[in-house]
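The values are calculated or read from the model by the stated rules, or taken from the named source; none is laboratory data. Everything numeric here is computed off the predicted structure, so don't read it as measured data. Here the Cβ positions follow ideal geometry from the backbone for every residue, glycine too, while neighbour counts run over all protein chains shown.
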Amino acid sequence: MKMKLLLKFTVTFCFVLTTTSMALSKTSVRALKDKLNTQSADVAKIGATIRTIEKELGKTNDTYINKARNLKNIDSKILVLKESLTHSATEISDSYKLSRNILNQYLLDKIDDKSGDKLLKKKIYFKLLAGNVQKLKIAQKSSRNLLEAIQEYEGRAKNARINEDTLYNLIVELENKKKFLGSDYISKMEAKNEIEEQLETAIARQKSKKSNRKKKVSRSNVKIGMEISNPIANYINIKGSKKGVTYKYNKVEPIKSTQNGQVVYAGELASYGKVIMIDHGKDIRSVILGDFSIKVKKGDVVNRGGVIAYTNVDPGVTKSLYYEVRKKNIAQNTLSLLKKSNKNI
């Protein structure tokens, strides 16, 4: 009797322990998902702010370049005006000296001249002086105009330099802000990647604890009658589960069709992100999920190795691309299929 009670207690205890462990596992996964969602939202917010700053920086840089070009033109104009003023001043000086020489010569001739053509000489001297005085007035007026123009352009140059300094300080401020946000962005992305790894581990543990009631998934059925290739050629690492394969990457890479087929879906799918599904015939389909720019549409016929998308990247961030092969809508052991077709995996 005692033995039966002990056996019953042991079974009950094991059941409670297993149930509690599964509940804790579910709670852990849920908590990690919530944490990942929060972290992803923070990353997206900082990323959006950085993109806004980059746009503002672009506009400010363009304005700064235009202002600098305008200031250079003003300085060039001032230089030309000053050269013209120097030339005008030389003309005034020469005209003044010439007028003084004519007047001195007239006075000398007036004292020494005893001939009867004094009136004629007087007229000649006055005509020369009048012409020279007229030239002098024109040169003086030109000099005044040049001075006014120089003062106006120097005022413009002063304002342009103030604007240029303001824009430069704004650019420095935006660059510093972008640098700070960039550092914060990378830190949060690293934390996000770490949470993703923790979540993957937690989900794997949760699945292993459900072994007594998990659905049968085709693991050994790796004969699909066709060879498949990697959707991306260059990646940091590759990780396979019982179904699909996850590639880690940090560069822009072309995503290629793994076999001939027809696109049956290309776009967004709930919370999975971007999705491309290709029908390869014989009830075989491939599915690609991740963050990428789609280059095909539903109905397109693609060949093996044809580019169907390009991966999106963020500075300093490692991203994931998921690939899965399905037969009659049952996930196959994609990693084993890849190993058969690609000996280097």
> Which numbered condition trips up VAL325, out of (1) surrounded by 19 or more Cβ atoms within 10 Å (Cβ to Cβ); (2) under 24 Å from the mean Cα position of the chain (by Cα)?
Replying inline: (2)
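Any residue at all in the range 49-59 that's touching a residue at least 40 places away in the same chain (Cβ under 8 Å) and exposed (fewer than 15 other Cβ atoms within 10 Å of the Cβ)?
Taking the range 49-59 as the starting set, the residues that turn out to be touching a residue at least 40 places away in the same chain (Cβ under 8 Å) are 49-50, 53-54, 56-57.
Within this subset, residues satisfying the condition of being exposed (fewer than 15 other Cβ atoms within 10 Å of the Cβ) are 54.
For the range 49-59, residues touching a residue at least 40 places away in the same chain (Cβ under 8 Å) and exposed (fewer than 15 other Cβ atoms within 10 Å of the Cβ): present.
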> What is the one condition in (1) outside the structural domain of ALA89 (by TED's automatic domain parsing); (2) within 20 Å of ILE50 (Cβ to Cβ) that LYS177 does not satisfy?
Replying inline: (1)
> Limited to the range 230-247, what total is found for residues that are of a type in the set (Ser, Thr, Tyr) and modelled with pLDDT under 90?
Replying inline: 1
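Output the residues belonging to the range 260-295 that are outside any strand (DSSP E or B) and closer than 13 Å to VAL325 by Cβ.
From the range 260-295, those outside any strand (DSSP E or B) are 260, 269-273, 282-283, 291, 295; that's our starting set.
Scanning the range 260-295 gives LYS282, ASP283.
Which ones in the range 233-253 are of a type outside the set (S, T, N, Q) and within 11 Å of GLU324 (Cβ to Cβ)? Spell out how you get there, then give the answer.
If we filter the range 233-253 for residues that are of a type outside the set (S, T, N, Q), which is where we start, we get 233, 235-236, 238-240, 242-245, 247-249, 251-253.
GLY240, LYS242, LYS243, GLY244, VAL245 - these are the residues of the range 233-253 that are of a type outside the set (S, T, N, Q) and within 11 Å of GLU324 (Cβ to Cβ).
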>> So the check is Cβ under 6 Å with 6+ separation or different chains; which pairs have a first residue in the range 230-246 that's touching a residue at least 24 places away in the same chain (Cβ under 8 Å) and a second one that's crowded, with 19+ Cβ neighbours inside 10 Å and in a loop (DSSP other than H, G, I, E, B)?
In response: PRO231/THR258; ILE232/GLU253
> Taking only pairs six or more apart or across chains, which ones have beta-carbon atoms under 6 Å, a first residue in the range 327-343 that is outside the structural domain of HIS280 (by TED's automatic domain parsing), and a second residue that is assigned to a helix (DSSP H, G or I) and loosely packed, with under 14 Cβ neighbours inside 10 Å?
Replying inline: none
> In this structure, is ARG285 modelled with pLDDT of 90 or more and out of contact with any Asp or Glu (no Cβ under 7 Å at 6 or more places or on another chain)?
Replying inline: no
